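The numbers here are math on the coordinates, done by the rules we state, and not lab data. The model shown is predicted, which means the values in this text are computed figures rather than measured ones. When we count neighbours, we look across all protein chains shown, and the Cβ atoms used for this are built from the backbone with ideal geometry, even at glycine.
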């Protein structure tokens, strides 16, 4: 089993409000301003759209409840890494951290930074090199803020989250205040099933994958348990409240889109939020570009804050170089892990390699999520497992979540077998590294950890 992270210098300053803002801010990035067209194209009815977004929200809530129970049982820095290590052993935990650093987490940072730079380019003309420079500067600045204190980093993230949620609420209110522009009238409950009946299961599955992508990042709040006030209570509460807030925002925002725009317009649009703003204000590109900039900064700030906590935990468990897990004596942050994360994310931006790595590996995240839900079932059978919060619906809901994660992975492999195999091999490449690393450590240390 993993040993608790020795973190006397970590400063617990993240309360319920900031933890909830972290959940909401990381999830709501740029996807909700683009993804609705992909989903509506797969399920071209108002009823189908609401069904898919609601199911995606419910599944995200199940995953959040799983993480909530596990975080209340193991309220330690590292979150998902700790849960997987406790359930299956250090090799699986190492694979999660391995994939996080090289592709999944740094790839997300690089991708969000690139989206940020593209929308900055709306206001300041930038060539390709300029876009990369702006993206890297954004990573460096937000890393520097998190370097000087978790209080400062979480405050910036919370501030941007409040602004973007307020902006989304204004968009929703404005959409319904202006009135429909030829949109399909939402069906009454009696009409729901007949309209859904014409949609194939494959189409619903494809739309659901796209919607779940827009809900990504809900688990990251668990990484910072060591800096969270009363983590056994705060993290479960933040996961529950945050997931419900995001689901309500997503469903209401899609309702506003469909209230203003014809269904065909939503399906064909590549910038549905901007088209929505054009319809109600006459010119939406600038407003929506500013909103996406705010949204991406908030999401990136949270992602940058969260990741190094996993590397800190791995270093404490002797699965990374000890110096990586150093905590700054003044700022009380994992400063070296933050710098290393920023450097690699910047390399991915500069070379553009994050696109291939990220798209090939991101689906493997769901393999680990399925393992996490299975780990909850395993841990409940073990003595000494004493979570402060127990999720309801066990074992049915975790089994349902595992089935969905398996379907997502199977769908990805069937759709892109070569790319999927490459991504899986990139993750599994961590196994020989893990065994080589274990061999170089003193036997007594390994025996101690296994108990």
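In whole angstrom, how far apart do the alpha carbon centroids of region 403-421 and region 234-258 sit? The distance from the Cα centre of region 403-421 to that of region 234-258 comes to 27 Å. As an exercise, use a Förster radius of 45 Å and the Cβ-Cβ distance of residue 124 and residue 425 to find the FRET efficiency, rounded to the nearest 0.05. Efficiency at R0 = 45 Å is approximately 0.65.
Between residue 91 and residue 144, what FRET efficiency comes out of the Förster formula 1/(1 + (r/R0)^6) with R0 = 35 Å and r the beta carbon distance, rounded to 0.05? Once rounded, the FRET efficiency stands at 0.50.
Helix 16-27 and the longest principal axis of the Cα set of the chain meet at an angle near 60°. Pairwise inverse Cα distances across region 16-449, averaged and inverted, put the Kirkwood hydrodynamic radius at 22.2 Å. Its residue count N sets the reference 2.2 N^0.38 Å, and the alpha-carbon radius of gyration of region 327-433 equals 1.42 times that reference. Round to the nearest 0.05 the FRET efficiency obtained for residue 230 and residue 283 when R0 = 60 Å and r is the Cβ-Cβ distance. FRET efficiency, residue 230 to residue 283: 0.80.
Compared with the dominant principal axis of the Cα atoms in the chain, helix 272-281 is inclined by about 50°. Dividing the Cα radius of gyration of region 281-381 by its Kirkwood radius returns 1.09 for Rg/Rh.
Peptides 280-293, 377-390, 205-218, 415-428, ordered by how many other C-beta atoms sit within 10 Å of their residues on average, highest first, read 205-218, 280-293, 415-428, 377-390.
As I understand it, the value is the acute angle between the Cα axis of helix 335-351 and the longest principal axis of the Cα atoms of the chain; what does it come to in degrees, rounded to 10? For 335-351 against the chain, the angle is about 50 degrees. For residue 381 and residue 167, the difference between the fully extended length at 0.36 nm per residue and the C-alpha to C-alpha distance is 72.5 nm.
Distance between the modelled labels on residue 343 and residue 290, one decimal in nanometres: 3.9 nm (7 Å Cα→Cβ projection).
Considering only Cα atoms, the convex hull volume of region 213-337 works out to 145 Å³ per residue.
Stretched out straight at 0.36 nm per residue, the stretch from residue 326 to residue 413 would grow longer than its current Cα-Cα span by 27.4 nm.
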